[in-house]
Amino acid sequence: MHPADSPDGARLGVGQGVSREINRGIVLGLIKSHGPLSRPALARRAGLAKGTVGSVVEQLIAEGVVQETGRGTSAPAGGRPPRLIEFNSTSKHLVGIAIGARRTSVIVTDALGDTLSRRDGKTPDATPERVLAAAARLARRAIADTPASAGSVAAVGVVVPGIVDPSTSICLLAPNLGWHDVAVRELLAGEFSAPVFVHNTAHAVAVAEASEGAAIGHSDVVCVYASIGIGAGMLRHGQVVLGSGGVAGELGHCVIPGADRKCNCGNTGCLETLVSGPAIERTAAEAVARGEPTALSDLGRPPTARDVAAAAAGGDAVASALLTDAAQLLGLATSWLVNITNPSIVVVTGGLAEIGEPLLGPMAASLQRHALPLAGRGLELRAAALGADGPIRGAVLLARQYADEHFRSVFRSGS
């Protein structure tokens, strides 16, 4: 029996079509990572025959994916230096859409993810259909600001602050948007000629921080998203932990024993009711109403989380105590994720992360106090490097990894 045959006579291995795609991926990956390169250099690096590489390169040139750019500096004996091949980053474009409870952002990038244009707007207090239609209008304006055309957009990545079923792109629940079972991809499909992919904001931010931000070089990451809501994105061996239905990382909806406030999700006593931005604002307003000695009383309006942070930075004892209490509880909750997933780094992102040391210091101390010592040993806690751009960069990376088969797939984990 031929070694490539199975006992029932079927041939094993890959067909020619699959083999061509593999070779194409190898060559294109080398051009992107190490280009410009000559055809002979590509053949040496790829370990492929010159003829095979030449055929792949010609196909890529015909498609506009790569282009020739000058000649190399060295030449074979008696010949001219070979032509160099580089990736054409304008061959296609990507759109990232980040929908938040208050703001929606859109960016258009080239094929490498470099930003070409950006548009921002207020998230309408309206139905999901109107929110998504407004996001699509922003995207069309952003596309019009660039050399991109509708036909050159290869993929659209959308992130929302809610639970997303990764197999259907349905947002199952987004409490701070008031969404239940919203078919995001279906509602946006008619707005774009390119495929639309949808993910949870915290998951996307974790990927962005690991790819471009504070967690570069780490493959096991916990990213705590603390803003109007509380969530977490986790990477295990470089891939997003989604869970069986996309619910993994819903830290804000873990119930704290003894807490009795109703949460937007329908449960009572969720972490989010105690440590989110609105929770801090509510607690501060209650302190003012009780007549506690704080500069927040002089505002003449309900204090915002930024007011509380500014007062704490100015030495206000009441404001400092409010932030410390919230930070310690957030550190306790994060210790649960640390004990379960054993990351090498915890990144804190979202609006509350911008408070800085008054929040991050007590949070880190609480995390270390409550985590198993072995899990906390060597653990880093950092503020996000991408800041408010984390969600939109995550949306672009989402689009890129689906549009580009050669880009490392990190969103496709189902574990």
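All of the numbers you see were taken from the coordinates with simple rules; none came from a lab. The model shown is predicted, which means the values in this text are computed figures rather than measured ones. As a convention, Cβ positions derive from the backbone with ideal geometry for all residues, glycine included, and neighbour counts pool all protein chains shown.
Each residue of region 362-377 was assigned a 3J(HN,Hα) from its phi angle through the Karplus curve 6.51 cos²θ - 1.76 cosθ + 1.60 (θ = phi - 60°); the sequence is x, 5, 4, 5, 5, 4, 5, 5, 9, 6, 4, x, 5, 6, x, 5 Hz, with glycine and proline shown as x.
Working note: 222 nm ellipticity from helices only, DSSP H runs with n ≥ 4, each -39,500 (n - 2.57), summed and divided by the residues of the chain, gives -12000 deg cm²/dmol to the nearest 500. Dipole check for the chain: with +1 at the C-beta of Lys and Arg, -1 at the C-beta of Asp and Glu, and the Cα centre as origin, the magnitude is about 1200 Debye. Taking the Cα centre of region 43-131 as origin and assigning +1 to Lys and Arg Cβ atoms and -1 to Asp and Glu Cβ atoms, the resulting dipole is close to 220 debye. Considering all different alpha carbon pairs of the chain, the Kirkwood hydrodynamic radius works out to 23.6 Å. With point charges of +1 on the Cβ of Lys and Arg and -1 on the Cβ of Asp and Glu, referenced to the Cα centre of the chain, which listed residue (A371, V338, T109) lies farthest in the positive direction of the dipole? Value: T109. Placing unit charges on the Cβ atoms of the charged side chains and taking the dipole of region 113-169 about its Cα centre, the candidate lying farthest along the positive direction among T168, A134, V158 is A134. Candidate cross-link partners of K50 among the aspartates and glutamates, defined by an alpha-carbon separation under 19 Å and a same-chain spacing of 8 or more, comprise E21, E58, E68, E86. For K92, a cut-off of 23 angstrom between C-alpha atoms picks up these lysines, skipping any fewer than 8 places away in its own chain: K32.
With both residues required to sit in the chain, DSSP beta bridges show an antiparallel share near 65%. Could you work out how far the C-alpha centroid of region 39-118 sits from that of region 349-368, in angstrom? So the separation of the two Cα centres works out to 41 Å. Over region 305-360, the reciprocal of the mean inverse Cα-Cα separation, the Kirkwood hydrodynamic radius, stands at 12.1 Å. In the elastic network of the chain, a GNM with C-alpha springs shorter than 10 Å, the most mobile of S19, S91, S149 is S19. Near the amide H of R103, within less than 5 Å, lie the amide hydrogens of T123, all on another chain or at least 5 residues away, with H placed in the peptide plane.
Of the peptides 171-183, 291-303, 154-166, the ranking by mean beta-carbon count within 10 Å, highest at the top, reads 154-166, 171-183, 291-303. When the Cα gyration tensor is reduced to axis lengths a ≥ b ≥ c, the ratio a/c is 1.5 or higher for region 178-256, and with a/b not above b/c it is classed as oblate.
Taking all C-alpha pairs of region 285-325, those more than 13 Å from each other amount to 42 percent.
Assuming R0 = 22 Å, can you tell me the calculated FRET efficiency for the pair T168 and T123, based on Cβ-Cβ distance, to the nearest 0.05? Once rounded, the FRET efficiency stands at 0.45.
So, counting K/R as plus one and D/E as minus one, what does the shell of residues with Cβ under 12 Å around A285 add up to? Every neighbour counted, the sum reads -1.
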